[in-house]
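Data first, discussion second: the structure below is written as structure tokens.
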Amino acid sequence: MAWLTALSILAVCHTGLAAYTKFPEGFTFGVATASHQIEGAWNVSGKSENVWDRLTHTRPEMIADGTNGDVACDSYHRYLEDVEELTYLGVDFYRFSLSWSRILPTGFSDHVNPDGIRYYNALLDALAEKNIEPLVTLFHWDLPQSLQDLGGWTNSKMVDYFRDYSDVCYREFGDKIKSWITINEPYEVCEDAYGDIKKAPALDSHGIGNYLCSDNLLKAHAESYHLYNEKYRPTQNGTVMISINSIWYEPSDPENAEQVALAETANQFKFGWFAHPIFTNEGGYPEVMIENVAKQSAAEGFSKPRLEQFDDYWIQRIKGTSDFLGINHYATHLITGPGVDPIAKSPSWLKDTGSITSLEVGGDSASEWLRVVPTGFANLLRWCKSSYNDPPIYITENGFSDRGTLQDYGRIQYYNDYLSAILDVIYDDGVRVLGYTAWTLMDNFEWRAGFTEPFGFYHVDITDPDLPRTPKLSADYYRQLVANRELPQDERFKDPANKYKEEL
Ligand code: GBH
């Protein structure tokens, strides 16, 4: 690795380009999906209703194109096609998620659905045959509706329910799965789904439900980790991590000390909300969150703070419960000043941050929120190294949405620039990034955006009952990258006339 690093630096000096191209030895590449976004088969073979089935069926107007995940990419029936695509890309690993309501239709562990177990075993066997390692997420947002009816993540019993569900999955699949992710993007679960209407169940309990959720979700994650550690790790020898998403915040004026401080606060509220309790020495929620929420709550007339620090037992119990830091990253936003953001509800997480945010930064994608700023990714990674004791990191998602072209130069450019940012921090700053996961294998059900913001390497024609999958140019880009462990320099991956920008 030292040898490669030296070589890479030499190449820089030689060409005069301030860019590394070669990945260190042992660095791994994968691609990700999630059960509800691809499986379909929403009510067959014993699967019960989840919160996304409920939202899309009862409130279709909340989905951009009125679609749902009833069929999606039909991966429940077409998983062998998925494996073919993965084989073409040549990836080291495939990140996918398990559908809780397919495995435990009641939500509880009293009844394990044999067809659900069979399905995932068949997928795992097909992957093993192609030497593709599974990286498996236990929970990627598709909560059984039966548990939501009891309050979902706002119910403290979820700690037990999630541990029971984890227990079944570790027991049934632990011989084949050596890398686990407990929960995908806790911020999105708590803030978007309970504190807002951006994700199902769209509870909109702003400033209240979001914080109930984080208390329970962090405990549930920790219990799942300890369960694996004590009961399964001795014989199964796998690893367990959590994947935290970050919109990275930067000050709009880097010379403005107040904005710099506010951006740090915003990053603590966003990433630190879930990373600080797990990855710092002191543990617990970030001090600034506890202070800000206490201050706001008092001013708003609450009898006590809407978010309180964990007690000592839970601070210790949650600390250190992730073998790697899993980072999902897409975008950077700006902090423009102190105050109450015009879009903030009261009370709310956004109001609690005490800052005003802006999207006026970076390049476009098909998603309004996805502002393209590769240097923001490098800054996030350096910040993670210094804030969390230099943890070993896996990038568990990163990707780009466009309007569905097969000549997807915008996506290629995005991957190239974001991967280049990773190389910079690996070689220049010693950030320990060990692997990279592109989002996503194929165009799929993009939650409230339906099928209007595709992220895939493969186009999926959802108007054709056969759901044909066609590789985009970026599939070849990624294939070449993975084969050579080096950023492709091939001319055919360069946008001849910056055409993609016109389409956005
Ligand atoms: C990830 O979330 C998810 O893990 C994955 O399932 C998803 O398909 C992928 O990204 C692409 O979006 O309501 O307009 O304010 C990424 C983080 C944060 C992106 C919340 C969308 C809300 C958009 N997400 N954000 S909006």
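Evaluated on region 351-504, the Kirkwood hydrodynamic radius is 16.9 Å, with distances taken between all distinct Cα atoms. For region 221-309, the square roots a ≥ b ≥ c of the C-alpha gyration tensor eigenvalues yield an a/c of 1.5 or more together with a/b not exceeding b/c, which makes the shape oblate.
For region 346-401, just say rounded, prolate or oblate: build the C-alpha gyration tensor, square-root its eigenvalues into a ≥ b ≥ c, call rounded for a/c under 1.5, and beyond that prolate if a/b exceeds b/c, oblate if not. Oblate shape, in that a/c is at least 1.5 and b/c is the bigger or equal ratio. Under the membrane-span-like helix rule (DSSP H runs whose alpha carbons stretch at least 18 Å along the helix axis, mean Kyte-Doolittle hydropathy 0.0 or higher), the chain yields 2-15. Charged side chains reduced to their Cβ positions (Lys and Arg at +1, Asp and Glu at -1) give region 30-87 a dipole of some 260 debye around its Cα centre. Packing, taken as the mean count of other beta carbons within 10 Å per residue, orders the peptides 490-497, 262-269 from highest to lowest as 262-269, 490-497.
The ellipsoid that matches the Cα gyration tensor of region 93-165 has semi-axes, each √(5λ) in whole angstrom, of 26, 13, 9, with the longest given first. Considering only alpha-carbon pairs that sit under 8 angstrom and 6 or more positions apart, the relative contact order computed for the chain is 16 percent. Hull volume per residue, based on the alpha-carbon atoms of region 271-413 and their convex hull, is 135 Å³. Length gained on full extension, Ile315 to Thr280: 11.5 nm, using 0.36 nm per residue less the C-alpha separation. First check a/c for the chain, with a ≥ b ≥ c the square roots of the eigenvalues of its C-alpha gyration tensor; if it is under 1.5, answer rounded, and if not, answer prolate when a/b is larger than b/c or oblate otherwise. It comes out rounded by the Cα gyration axes. Distance between the 7 Å Cα→Cβ label points at Arg492 and Thr463: 2.8 nm.
Most simply put, the chain has about 20% antiparallel DSSP beta bridges, counting only bridges with both residues inside it. Of Lys304/Lys345; Lys157/Lys345; Lys351/Lys385; Lys157/Lys385; Lys319/Lys345; Lys22/Lys494, which pairs sit farther than 23 Å apart, going by alpha carbon to alpha carbon? Flagged as over cut-off: Lys157/Lys345; Lys351/Lys385; Lys157/Lys385; Lys319/Lys345. The 3J(HN,Hα) values that the Karplus relation (6.51, -1.76, 1.60; θ = phi - 60°) gives for region 59-65 are, in residue order, 9, x, 5, 7, 9, 3, 10 Hz. Gly and Pro appear as x. Here the gap between Ala298 and Ala128, fully extended at 0.36 nm per residue and compared with their Cα-Cα distance, gives a gain of 55.6 nm.
In whole percents, the pair-distance distribution calculated for region 39-152 from its alpha-carbon pairs, binned every 5 Å from zero, is 2, 11, 20, 22, 18, 14, 9, 4, 1.
Every read-out reported here was derived from the displayed coordinates using simple, explicitly stated rules and does not represent laboratory data. None of the values given here were measured: they were computed from a predicted structure. Virtual Cβ from ideal backbone geometry, glycine too; neighbours counted across all protein chains shown.
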